Amino acid sequence: MKEAAAPPLAQAPDQEQPVNPTLPAPRLRAQGKWSRFLQKYNLLPTLLFFVIWELFSRLNASIELFNPRFLPAPSVLVQEAWRLAESGVLLESIAASTVRILIGFVIGCVAAVGIGVLMSKFRLVELWFSPILNLVGPIPALALLPLFIIWFGIGEFPKILLIAWTTFIPVLVYTVDGFKSVPSTLIRSALSLGASERQVFMRVMLPSAIPNFLVGAQVSLGLSFSALIVSEMMGADSGLGYIIVDARNYFKITNMFVAIILIGLEYSLFAYALRLVERRVMAWRKGGLRDAVEK
């Protein structure tokens with residue numbers, strides 16, 4: 001007798017079809033990356049702002065609620081920015097403003113930390129500096145710029161000095177407050193364990209003052225940009241502030257808006273860089289309602 005034929009091997013089940021066969025997987029992954037990018041950098045409110053601006057400008061161009069030249073659409077600004085970039089004026093102005101704000105901001109922060117250390121360490125230094133700072137601290141940058149120009153001319157030095165001075169005051173106030181806010185029990189504990197004065201400063205006082213210093217840096221960043229634009233508007237031949245003054249003189253509204261938007265974008269980049277530094281340096285620090293409430 002012939003043996004019965006063995007049953008055929010069971011075929012492997014077909015692979016599961018994607019949830020939405022009309023939408024290929026690469027496109028799904030691309031949309032996921034774009035969504036994560038928008039959420040990571042919180043760009044959706046900015047994009048929505050420009051979309052509303054574009055729609056309103058186009059509507060105003062049709063019904064003319066006011067002169068359309070007074071509020072050009074973002075698409076027009078992009079075209080004008082491209083034209084200025086091709087001529088070299090825009091890139092030169094961005095580079096000049098970036099160098100000025102970097103140098104002035106760093107000088108102001110370093111000087112503020114140095115004076116803050118001396119004021120927190122020596123009572124006599126604080127007694128002498130505090131009345132002077134209270135006297136000259138509230139003076140706005142616009143009031144000091146003409147004096148700086150008379151003293152130092154219209155070169156780069158008065159612009160950088162004005163930015164450094166505007167940065168110096170808030171960073172100094174927050175830094176001194178940070179050193180004074182160090183709990184005395186921590187200092188006594190470190191001294192009782194045999195730590196030297198230098199070790200107490202480096203291991204106890206400085207880490208405790210860093211959060212206040214970063215807050216002061218964030219506060220002074222906006223003031224520093226204001227000082228930058230004011231200094232470039234009154235005595236410069238390059239920079240974003242210079243573009244605004246030139247646009248005002250020749251009634252180039254689009255150029256003025258391009259410079260204003262670029263100032264906001266550059267400030268946003270600097271502020272984001274400061275937040276990255278804060279996250280890296282203060283990774284251990286958590287608090288607030290979002291960290292207290294369990295999800």
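The values are calculated or read from the model by the stated rules, or taken from the named source; none is laboratory data. Quick caveat: nothing in here was measured; it's all calculated off a predicted structure. In this analysis, Cβ positions are derived from the backbone assuming ideal geometry, glycine residues included, and neighbour counts consider all displayed protein chains.
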Specify which of the listed residues (Asn20, Asn42, Asn67, Asn60) is surrounded by fewer than 14 Cβ atoms within 10 Å (Cβ to Cβ), modelled with pLDDT under 90 and either touching a Pro at 6+ places or on another chain (Cβ under 6 Å) or on the phi > 0 side of the Ramachandran plot (or both). Asn42
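Within the range 210-233, does at least one residue satisfy the condition of being of a type in the set (Ser, Thr, Tyr), within 30 Å of Ala85 (Cα to Cα) and touching a Lys or Arg at 6+ places or on another chain (Cβ under 9 Å)?
Residues of the range 210-233 of a type in the set (Ser, Thr, Tyr): 220, 224, 226, 231.
Narrowing the set further to residues that are within 30 Å of Ala85 (Cα to Cα) leaves 220, 224, 226, 231.
Subset that is touching a Lys or Arg at 6+ places or on another chain (Cβ under 9 Å): 231.
There is at least one residue in the range 210-233 that is of a type in the set (Ser, Thr, Tyr), within 30 Å of Ala85 (Cα to Cα) and touching a Lys or Arg at 6+ places or on another chain (Cβ under 9 Å).
Pick out the one residue from Leu186, Leu133 that is surrounded by 16 or more Cβ atoms within 10 Å (Cβ to Cβ) and out of contact with any Phe, Trp or Tyr (no Cβ under 8 Å at 6 or more places or on another chain). Give the derivation first.
Numbers: Leu186 fails: surrounded by 16 or more Cβ atoms within 10 Å (Cβ to Cβ).
Every option except Leu133 fails the conditions.
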Determine which single condition Gly264 fails, assuming it passes every other condition in (1) under 20 Å from Phe50 (Cβ atoms); (2) surrounded by fewer than 18 Cβ atoms within 10 Å (Cβ to Cβ); (3) in contact with a Pro (Cβ under 8 Å, 6 or more places away or on another chain). (3)
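Each row is one residue, and each column tells you yes or no for (1) in contact (Cβ under 8 Å) with a residue 12 or more places away in the chain; (2) buried (at least 16 other Cβ atoms within 10 Å of the Cβ); (3) of a type in the set (Phe, Trp, Tyr); (4) touching a Ser or Thr at 6+ places or on another chain (Cβ under 9 Å).
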| residue | (1), (2), (3), (4) |
| --- | --- |
| Gly88 | no, no, no, no |
| Leu91 | no, no, no, no |
| Ala96 | yes, yes, no, yes |
| Ile101 | yes, yes, no, yes |
| Val106 | no, no, no, yes |
| Val117 | yes, yes, no, yes |
| Leu124 | no, no, no, no |
| Trp128 | no, no, yes, no |
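With of a type outside the set (Val, Ile, Thr) and closer than 22 Å to Ser130 by Cα as the only criterion, which of Ala209, Ala271 stands out? Talk me through it step by step, then tell me what you get.
Values: Ala271 fails: closer than 22 Å to Ser130 by Cα.
Checking each option against the conditions leaves just Ala209.
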Note on Asp237: of the conditions (1) part of a helix (DSSP H, G or I); (2) under 26 Å from the mean Cα position of the chain (by Cα), unmet is (1)
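What helices (runs of 4 or more DSSP H), lying completely within the range 96-187, carry at least 3 residues that are within 26 Å of Gln199 (Cα to Cα)? It would help to see each step written out before you state the result.
Details: elements: 123-136, 141-152, 156-180.
Per the criteria, 123-136, 156-180.
Residue by residue, here is whether (1) free of Cβ contacts under 8 Å to residues at least 40 places away in the same chain; (2) within 22 Å of Gly108 (Cα to Cα); (3) exposed (fewer than 15 other Cβ atoms within 10 Å of the Cβ) holds:
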position	(1), (2), (3)
Val204	yes, no, no
Leu214	no, yes, no
Gly222	no, yes, yes
Asn249	yes, no, yes
Phe257	no, no, no
